[in-house]
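These notes are about the structure you will find just below.
The values are calculated or read from the model by the stated rules, or taken from the named source; none is laboratory data. The structure presented is a predicted model; accordingly, all values stated were derived computationally and were not measured. When we count neighbours, we look across all protein chains shown, and the Cβ atoms used for this are built from the backbone with ideal geometry, even at glycine.
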Amino acid sequence: MMPTVIQIPSPVDPSAEGATPDRASEPAVSMAKAIQLRGFSAWYSAHQVLSAVDLDIAANRVCALIGPSGCGKSTLLRWMNRMNDTILGARASGSLHLHGLQVLSPDLDVVDLRRRVGMVFQKPNPFPKSIFDNVAFGPRLHRQYGRTDLEELVEQSLRSSALWTEVKDRLHRSALGLSGGQQQRLCIARAIAVDPEVLLMDEPCSALDPRSTASIEELIRELRETYTIVIVTHNMQQASRVSDTTAFFDEGRLIETGETDEVFTAPRERRTEDYVSGRFG
Amino acid sequence: MSAGRAIPIARRLRHDRMLLIACLSATTLAVAVLSALLISVFIQGLSSLDWHFLSSYASRKAANAGILAPLMGTLWVCAICGLIAVPLGVATALYLEEYAPRTRLRSLVQLNIANLSGVPSIVYGILGLAAFARCFGAISTDDPWTLGSPDSLFFLQLPFGRGVLAGGLTLALVVLPIMIIAAQEALRTVPKSLRHAALALGSTRWQVVWKVTLPAALPTMMTGAILSMSRAIGEAAPLLVIGGVLLLFSVPENLMSDFTVLPLQIYNWAGRPQDDFHKIAAGAIIVQLVLLLLFNSVALFIRHKLQRPLQ
């Protein structure tokens, strides 16, 4: 079920800007811009969902992707770790660079990409295993650990996701016994246990109550120091609360992007203003 | 306010009650027929059940007859059938559900598997006779290739002849489509979100299957395995073709040994005019039922064991 990935050298390709095509040899740029899209378009079969998106996402910051349903923001997120490979007929063109990786390249090692780019899904999806085994799942995929090392790693990940004190006495009980908010924080712990560079979050709070949402938002602000975070959200307040930069999409196009404060208080585009002020969408 | 005529509550409740009665009577009928059958079998057969019955060979006198040969034959054949059909079925289901691209070829294969599960089992018997017992005539059955001594547990020959291996393989053919379909259903019950979670952590497809999909589907798969084995344990027709012997005075010693199975023995005894033989046929049916229950409880036990860490 490999997707057809077409590489079209777009006029704004970084290589065309005088930079060397090999991203690994230009750490200065890739450090500042964790993710860089140029002329990025995406389709599901014949239906085009994103057209010619140019977007830079800085490292160690939170970038919110906002826009009405069907604007393509989730599709973009799922291309960043190539989860769209699981969808029949999904394809993309243009360029998507992520920490020195050419994400759309057919030669890309998807397994390695996904280790470096963690994902948190809309609905909490813990494995029907113990809390410990959920967090240890990713690390065990990639390396062999001694018991104490693994225990330490699990504790660290659960501490980072602010779940440790709540679950430390029941690590070996089923993760399905946790509340929705705890499950989502467990999923975050599971994602960061493999030490990714980027965290993708696809409406991580949409299935949660306000209190759990608040705790996840607080967590996102803390995690920013370690990870580059891209979050898709339908909640305007959430975008303004947790993100540093915001990108507004509509009908498959990137309408506006900038510092979150500016996008929300002084948008350049009329459509952005209408959307963030709740006049449509 | 709203359009349409109101349906009186009383009528709706009446319908509700009527449906309940209909469903209840259907259930009662099924249970009644089944218990009538069981009770008559137990009344007829219980008296013939003793150690002698289990440990003796067949006899022309009903009072002396036992079921040692068919009992051991059933165990051998079903063990071979299970060891072959379950892994093959699970692997096929895994390929079709988790790996195979959704092409027309796959749909064709899928359709054929569904059709094969409905093919009369005697057809498999004929196939098994040609393929396993006779190797399609490629090697003469009078002069087979042999490996080891005929007295040894590990004796093998090609073609297999009409032995337990040919019988077990034929039964495996019969239950394979059922096993595949059941395993596929089991795999489909595993939510996509779990596969996505595993993929997003950097699992290879095999790691997703081995660590997530298979463990989550296993309890349901066990149910499929139980169904398949229940079918296998009750099959008589294909084994009759393969050469299940009706009167046998030995138990299988290796994969090439002659065999008979319980359903064949029951068929044989039940078809005789003497009432005494009907009684020992009923006894054999009870043994077969107990065997089936044992199979199922082992599967349930494994299933329970597998689920325990989650609770």
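Odds and ends about this structure:
- Positions within region A:158-195 being among the polar types (S, T, N, Q) and within 14 Å of another protein chain (Cβ to nearest Cβ), in sequence order: A:SER174, A:GLN183, A:GLN184
- Test result for B:LEU111, under 26 Å from B:GLY234 (Cα atoms), buried (at least 22 other Cβ atoms within 10 Å of the Cβ) and aliphatic (A, V, I, L, M): no
- Check on B:THR213, assigned by TED's automatic domain parsing to the domain that holds B:LEU116, without any contact (Cβ under 8 Å) to a residue 40 or more places away in the chain, of a type outside the set (A, V, I, L, M) and surrounded by fewer than 24 Cβ atoms within 10 Å (Cβ to Cβ): no
- Residues of region A:78-87 satisfying the condition of being under 15 Å from the mean Cα position of the chain (by Cα) and part of a loop (DSSP other than H, G, I, E, B): A:ASN81, A:ARG82
- Test: residue in region B:218-238 that is under 14 Å from B:GLY163 (Cα atoms) and crowded, with 18+ Cβ neighbours inside 10 Å: yes
- Top-ranked residue in region A:88-112 [being part of a loop (DSSP other than H, G, I, E, B) and in contact with a helix residue (DSSP H, G or I) (Cβ under 8 Å, 6 or more places away or on another chain); ranked as modelled with the lowest pLDDT]: A:GLY100
- Which numbered condition B:PRO144 fails, given (1) buried (at least 17 other Cβ atoms within 10 Å of the Cβ); (2) touching a Leu at 6+ places or on another chain (Cβ under 7 Å): (1)
- Region A:35-77, residues that are of a type outside the set (Ser, Thr, Tyr) and in a loop (DSSP other than H, G, I, E, B): A:ALA46, A:ALA59, A:ASN60, A:ARG61, A:GLY67, A:PRO68, A:GLY70, A:CYS71, A:GLY72
- Flag for A:LEU208 being part of a helix (DSSP H, G or I) and either modelled with pLDDT of 95 or more or touching a helix residue (DSSP H, G or I) at 6+ places or on another chain (Cβ under 7 Å) (or both): no
- Selected residue [part of a strand (DSSP E or B) and in contact (Cβ under 8 Å) with a residue 60 or more places away in the chain] from A:PHE280, A:PHE248: A:PHE248
- Any hit, region B:219-234, residues being out of contact with any strand residue (DSSP E or B) (no Cβ under 6 Å at 6 or more places or on another chain) and within 14 Å of another protein chain (Cβ to nearest Cβ): yes
- Residue match in region B:165-173 (condition: within 14 Å of chain A (Cβ to nearest Cβ), touching a residue at least 40 places away in the same chain (Cβ under 8 Å) and not charged (D, E, K, R)): no
- Screening B:ILE84, B:ILE67, B:ILE43 for residues that are more than 30 Å from B:ARG162 (Cβ to Cβ) and either in contact (Cβ under 8 Å) with a residue 60 or more places away in the chain or among the aliphatic types (A, V, I, L, M) (or both) leaves exactly one candidate, B:ILE43.
- Extreme residue, surrounded by the fewest Cβ atoms within 10 Å (Cβ to Cβ), among residues of region B:252-311 that are small (Gly, Ala, Ser) and either under 22 Å from the mean Cα position of the chain (by Cα) or outside the structural domain of B:LEU71 (by TED's automatic domain parsing) (or both): B:SER297
- In the set (1) under 22 Å from A:ALA189 (Cβ atoms); (2) modelled with pLDDT under 90, the condition left unmet by A:ALA214 is number (2).
- The single residue among A:VAL103, A:VAL110 that is touching a residue at least 24 places away in the same chain (Cβ under 8 Å), on the phi < 0 side of the Ramachandran plot and within 11 Å of another protein chain (Cβ to nearest Cβ) turns out to be A:VAL110.
- Output for region B:261-275, where each listed residue is assigned to a helix (DSSP H, G or I) and either within 18 Å of B:LEU239 (Cα to Cα) or at pLDDT 90 or above (or both): B:LEU262, B:PRO263, B:LEU264, B:GLN265, B:ILE266, B:TYR267, B:ASN268, B:TRP269, B:ALA270
- Count of region A:118-157 residues, restricted to those that are more than 7 Å from chain B (Cβ to nearest Cβ), within 21 Å of A:ARG224 (Cα to Cα) and aliphatic (A, V, I, L, M), is 4.
- Among the residues of region B:125-169, those that are part of a helix (DSSP H, G or I) and on the phi > 0 side of the Ramachandran plot comprise B:CYS135, B:PHE136, B:GLY137.
- Those residues of region B:183-197 which are more than 7 Å from chain A (Cβ to nearest Cβ) and part of a helix (DSSP H, G or I), in sequence order: B:ALA183, B:GLN184, B:GLU185, B:ALA186, B:LEU187, B:ARG188, B:LYS192, B:ARG195
- Within region A:48-74, the set of residues being of a type in the set (S, T, N, Q) and under 21 Å from A:ASP244 (Cα atoms) comprises A:ASN60, A:SER74.
- Within region A:236-266, the only residue that satisfies the criterion of being basic (Lys, Arg) and closer than 16 Å to A:GLU203 by Cβ is A:ARG241.
- So A:SER74, is it modelled with pLDDT under 95 and more than 14 Å from chain B (Cβ to nearest Cβ): no
- Selection within region A:141-161 - farther than 15 Å from A:GLY118 by Cα and surrounded by fewer than 18 Cβ atoms within 10 Å (Cβ to Cβ): A:ARG143, A:GLN144, A:TYR145, A:GLY146, A:ARG147, A:THR148, A:ASP149, A:GLU151, A:GLU152, A:GLU155, A:GLN156, A:ARG159
- Residue check, B:GLY243 outside the structural domain of B:LEU38 (by TED's automatic domain parsing), modelled with pLDDT under 90, of a type in the set (Gly, Ala, Ser) and within 13 Å of the chain's Cα centre (by Cα): no
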